[in-house]
Amino acid sequence: MPRSLSEEDPCPARIVADAGGAFAMGAVGGSIFHFVKGTYNSPNGARFTGGVQALRMNAPRVGGSFAAWGGLYSAFNCTAVYVRQKDDPWNSIAAGAAAGGLLSVRQGLRAAAKSAATGAVLLALVEGMGLLADRAQAAQAQRNRPQVHNPTLAAAIAAQQNLPQVDDTILSGFVHDPNLVDAESNRLHDAQHNDNDKEVEGTKKHNDSSDQI
């Protein structure tokens, strides 16, 4: 399903935000990795100092690499959104391929093609996992809807959708559109309420006539 553009930041702000977030992620992750590596490779008595030195030398570089990739990815993603006029997973996959290929183009076309393919595969996996998570949440929400046993409501919805008539239907499993169930339930409720009002009004008029007699 295409995603609404209003659900994300505007593209110029998105590029800066993605680059900053990627830098923070790379700096934190690189700091932890290189501190542990420097501590492990340093001699006894100087492990902590070696870890701190390795962190200071490598963490900014890793953060800068992440920021470059994140900024390019977001820029290509915004370009794809502008060209295609919609935001869907294909934009992210294409942006990942373009960012990976551009960052490796100085190493040759073969390396750029390999990096582009890697970026496309990684983004495809991320988008696929996101779609699976969204479907799982939707299915869980559908299962958590209260099951309604209402023959009148089921018959009304069945007639509206040209479905077979049944005597007693669990609507959550019978109709796949919860908005239709809610709308039809409200309509029947209002109709029943109006009938009750008319019945009360008729009884009141009958009582008034009896009093006059």
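The values are calculated or read from the model by the stated rules, or taken from the named source; none is laboratory data. Quick caveat: nothing in here was measured; it's all calculated off a predicted structure. Virtual Cβ from ideal backbone geometry, glycine too; neighbours counted across all protein chains shown.
Values computed for the structure shown
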read-out	value
The lone exception for Val105 - which of (1) free of Cβ contacts under 8 Å to residues at least 12 places away in the same chain; (2) under 22 Å from Ala17 (Cα atoms) it fails	(2)
The lone exception for Asn44 - which of (1) surrounded by fewer than 20 Cβ atoms within 10 Å (Cβ to Cβ); (2) assigned to a helix (DSSP H, G or I) it fails	(2)
Only listed residue being surrounded by fewer than 20 Cβ atoms within 10 Å (Cβ to Cβ), in a helix (DSSP H, G or I) and modelled with pLDDT of 90 or more, chosen from Ala99, Ala95, Ala24	Ala24
Residue tally, condition more than 17 Å from Leu72 (Cα to Cα) and either surrounded by 19 or more Cβ atoms within 10 Å (Cβ to Cβ) or among the acidic types (Asp, Glu) (or both), over segment 112-127	1
Trp69 being part of a helix (DSSP H, G or I) and buried (at least 19 other Cβ atoms within 10 Å of the Cβ)	yes
Some residue of segment 57-65 being in a loop (DSSP other than H, G, I, E, B), on the phi < 0 side of the Ramachandran plot and assigned by TED's automatic domain parsing to the domain that holds Gly20	no
